[in-house]
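Bear in mind that the values in this text are calculations on the coordinates, not laboratory data. Since the structure is predicted, the reported quantities are computational estimates derived from the model, not experimental observations. FYI the Cβ positions are ideal-geometry reconstructions off the backbone, even for glycines, and counts take in every protein chain you see.
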Amino acid sequence: MAVTILPAPTMRGRVPPPFAYLPTYHKSRQMPQAVSAKRVEEAIRRVTAAWGPKFEAAGLGEAGLKRLASSLRLRLKTRNGQPGFVLRRELREWEQGPMRRALGYEAQRLRTLGSMRQALRNYEARKIVGYIRRGGKTIPIRFGLKALRKRLRDLIERGHRTAALVGAARAEGTTTRRASLSDDDAAALEETLREEWDFLEGFLQELKQARASKQAFGARALWRIGLYARKFNATEQAAYVRRVPATANIYWRLWPPAEHCPDCPTLARRSPYTRATLPTVPGAGDTRCKTNCMCFLEVA
């Protein structure tokens with residue numbers, strides 16, 4: 001059987017290198033713009049300065065930053081006779097979330113948040129999830145309040161459990177697969193979930209009334225859903241603190257790119273703390289930024 005090799009896709013009759021082998025183009029019909037190696041190195045320096053403390057706190061250190069930078073530099077190398085390149089969009093995405101790819105926890109949190117929002121949309125749209133036969137008739141089963149409650153509770157519990165494992169792994173210098181939850185972690189997790197269920201029941205009743213009156217849930221409902229996912233950070237930080245020595249110096253670290261509330265810089269200046277003197281953990285809701293806190297704890 002003869003195989004015909006088609007030429008590389010063209011645009012307006014010409015193929016501008018080095019993008020001749022790209023299969024698709026942007027919707028705007030403009031060529032994707034690559035950035036220079038100098039711009040790539042500048043981005044690596046910015047990421048190193050901004051995320052360095054977080055890598056140290058996560059136990060990845062300088063080696064983790066080098067692995068992250070090498071993954072970007074490899075794209076600039078020539079392969080199969082074709083010059084390497086990094087697109088502007090790719091560089092922006094790489095720079096925005098390096099810890100997401102390094103630890104995987106942030107990606108897990110975002111997936112959990114997406115699943116929670118999808119469950120909310122299914123409830124609002126009265127999605128049909130199955131059928132039953134009754135009296136010779138086929139009756140649709142719709143995604144109701146009971147199904148929404150079960151789905152959200154499962155996702156919230158799984159998210160907090162994963163966050164606790166991340167904190168334990170960070171303190172022990174291992175991975176989440178090898179880390180395990182202690183009795184103190186289990187008790188703290190149970191207390192956290194008990195508080196979350198109280199808030200969740202109030203939220204579900206609001207949704208029930210809104211759907212009964214045929215009102216759109218709107219942005220406020222999505223914002224409320226996001227609050228449950230942001231609380232995972234507090235669970236991670238608390239699990240980390242429970243594993244450090246009682247006399248260890250715990251520092252409240254600020255994440256440089258974030259806009260901080262007045263409380264967080266004050267807590268950072270008063271560092272170090274011990275487990276007994278630490279007033280709260282980031283994301284617990286005791287600071288003015290509430291669960292939006294981007295700070296983290298580190299043992300020097």
Order of HIS160, HIS260 from fewest to most other C-beta atoms within 10 Å? HIS260, HIS160
If you look at just the Cα atoms of the range 230-300, how large are its Rg and its Dmax in Å? 11.1, 31
How large is log10 I(q)/I(0) at q = 0.19, 0.22 Å⁻¹ when the Debye formula is applied to the Cα atoms of the range 105-243, each weighted equally and without solvent? -1.05, -1.26
Residue order, fewest to most beta carbons within 10 Å, for ILE132, ILE250: ILE132, ILE250
Taking neighbour counts of Cβ atoms within 10 Å as a proxy for exposure, in what order, fewest first, do LYS231, LYS150, LYS208 appear? LYS150, LYS208, LYS231
